[in-house]
1. Using the structure shown, decide if residue 130 is within 16 Å of the ligand (Cβ to nearest atom), touching a Gly at 6+ places or on another chain (Cβ under 9 Å), closer than 29 Å to residue 24 by Cβ and among the aliphatic types (A, V, I, L, M).
2. Is it the case, given these coordinates, that residue 186 is away from the ligand (no atom under 13 Å from the Cβ) and touching a residue at least 40 places away in the same chain (Cβ under 8 Å)?
3. In the set 96, 112, which member is away from the ligand (no atom under 16 Å from the Cβ), assigned to a helix (DSSP H, G or I), small (Gly, Ala, Ser) and over 19 Å from residue 63 (Cα atoms)?
4. Could we say that residue 202 is among the acidic types (Asp, Glu), over 21 Å from residue 29 (Cβ atoms) and either within 16 Å of the ligand (Cβ to nearest atom) or surrounded by 18 or more Cβ atoms within 10 Å (Cβ to Cβ) (or both) here?
5. Search the stretch 211-222 for residues that are without any contact (Cβ under 8 Å) to a residue 40 or more places away in the chain and pair each with any residue that is near the ligand (Cβ under 8 Å from one of its atoms) and not in a helix (DSSP H, G or I) when their beta-carbon atoms are under 7 Å apart and the residues are at least 6 apart or on different chains.
6. Here's a check for you: in the stretch 205-223, which residue that is assigned to a loop (DSSP other than H, G, I, E, B) and within 21 Å of residue 79 (Cα to Cα) is nearest to the ligand (Cβ to nearest atom)?
7. On the given criteria, is residue 161 in a loop (DSSP other than H, G, I, E, B) and either in contact (Cβ under 8 Å) with a residue 12 or more places away in the chain or of a type in the set (S, T, N, Q) (or both)?
8. Could you say whether any residue in the stretch 114-124 is crowded, with 21+ Cβ neighbours inside 10 Å and small (Gly, Ala, Ser)?
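Nothing in this text is a laboratory measurement; each read-out follows from the coordinates by a stated rule. Because the structure is predicted, anything quoted here is derived from the model rather than measured. Positions of Cβ are backbone-derived with ideal geometry, glycine not excepted, and every protein chain shown enters the neighbour counts.
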Amino acid sequence: MTDPSIAENFDAVRARMDEAAKSADRAGNDISLVAVSKKQPEPRIAAALEYGHRLFGENRVQEAQERWADHRADYPDLELRLVGPLQSNKTGDAVALFDVIETLDREKLAKAIVKEADKQGLMPRLYVQINTGEEDQKAGISPADADAFLETVRETHGLPVEGLMCIPPVSEAPAMHFALLAKIARRNGLDRLSMGMSGDFETAIRYGATSVRVGSALFGERP
Ligand SMILES: *Cc1c(COP(=O)(O)O)cnc(C)c1O
């Protein structure tokens with residue numbers, strides 16, 4: 001039932017990550033591989049779990065609940081990350097399911113997370129999403145507002161922020177966006193960077209990514 005090519009894909013992506021890390025004088029095992037499982041057929045996910053992978057990303061709360069709620073009990077070492085936009089009214093479900101929310105991007109959401117974290121006695125690890133390309137259709141804090149937003153989230157709302165996340169514009173070379181994210185993180189005392197996808201994770205590693213979010217290079221094209 002499981003697909004042998006999935007294991008090969010994981011080995012190949014990991015080897016490419018190690019190679020990129022080496023050429024940047026970094027240790028490959030410092031960089032986490034978040035396998036983005038959104039919209040992928042279940043057998044491919046089963047193959048990844050059988051291979052031993054435990055770190056997955058999803059971009060929609062409800063889809064993630066349907067896929068992962070039952071797996072949690074079977075895989076206690078599973079780590080789930082929300083990498084897509086979070087509506088405030090889904091915050092309770094997101095806090096209950098995800099270990100990490102990578103898309104904190106507005107104060108209303110920060111308040112909702114505080115409330116749910118208190119209520120549930122669970123605090124997810126948090127990344128602030130930065131809209132490095134200042135695209136209207138994309139979520140995230142604009143680079144000019146990043147420092148003030150981080151201060152509000154940390155000081156006013158008391159939320160721990162682990163790092164920053166970005167999705168560069170599809171039509172631009174990603175390097176300058178990765179460099180910008182790294183710069184904003186550095187001046188705010190953050191050392192975790194979620195950046196890089198199937199098409200550009202090696203570049204992201206060169207610019208300091210500590211986790212890459214890879215979907216199609218691991219699982220094949222989404223149907
Ligand atoms: C879908 C998605 C990915 C993975 O994209 P691939 O190109 O398939 O690797 C990474 N990050 C986010 C936020 C996504 O929505």
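1. Details: within 16 Å of the ligand (Cβ to nearest atom): yes; touching a Gly at 6+ places or on another chain (Cβ under 9 Å): yes; closer than 29 Å to residue 24 by Cβ: yes; among the aliphatic types (A, V, I, L, M): yes.
When the stated conditions are applied, residue 130 passes them.
2. Numbers: away from the ligand (no atom under 13 Å from the Cβ): yes; touching a residue at least 40 places away in the same chain (Cβ under 8 Å): no.
Taking the combined requirement at face value, the residue does not satisfy it.
3. Details: 96 fails: over 19 Å from residue 63 (Cα atoms).
Criteria check complete, one pass: 112.
4. Working: among the acidic types (Asp, Glu): yes; over 21 Å from residue 29 (Cβ atoms): no; either within 16 Å of the ligand (Cβ to nearest atom) or surrounded by 18 or more Cβ atoms within 10 Å (Cβ to Cβ) (or both): yes.
Criteria not met by residue 202.
5. 216/198; 216/222
6. First, pick out the residues of the stretch 205-223 that are assigned to a loop (DSSP other than H, G, I, E, B): 207-210, 215, 220-223.
Right, trim to within 21 Å of residue 79 (Cα to Cα) and you get 209-210, 215.
Details: 209: 12, 210: 15, 215: 3 Å.
Among residues in the stretch 205-223 that are assigned to a loop (DSSP other than H, G, I, E, B) and within 21 Å of residue 79 (Cα to Cα), the one nearest to the ligand (Cβ to nearest atom) is 215.
7. Details: in a loop (DSSP other than H, G, I, E, B): yes; either in contact (Cβ under 8 Å) with a residue 12 or more places away in the chain or of a type in the set (S, T, N, Q) (or both): yes.
Judged against the criteria, residue 161 is a match.
8. No, every residue in the stretch 114-124 fails to be crowded, with 21+ Cβ neighbours inside 10 Å and small (Gly, Ala, Ser).
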